Amino acid sequence: MDGMSYFILGVTIAVIFFIINMLFTRWFLGISKIISRLEKSLEEEKEINKNLKKIIEKMEENK
């Protein structure tokens, strides 16, 4: 193999790794978005539970 074929081989490998890197980055960003949405919904759920407990306590006090 002469220098040109080594160059082409190197460029091909670089392009393949670049594509793999882009796919994994997009996949990882998708997972992190899903995780952040789940954390937000969990916080909202905790807040709703606190409000419900307050309402129940007020109802029990009014009995």
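The values are calculated or read from the model by the stated rules, or taken from the named source; none is laboratory data. Just so you know, these numbers come straight off a predicted model, no measurement behind them. Note: areas computed on protein heavy atoms with side chains; ligands, DNA, RNA excluded. Shrake-Rupley method; radii C 1.70, N 1.55, O 1.52, S 1.80 Å.
In table form, for the structure just shown:
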| quantity | calculated |
| --- | --- |
| On Cα atoms only, tilt of 3-62 relative to the major axis of the chain in degrees | 0 |
| Surface share of carbon and sulfur [accessible, 1.4 angstrom probe, percent] for the chain | 67 |
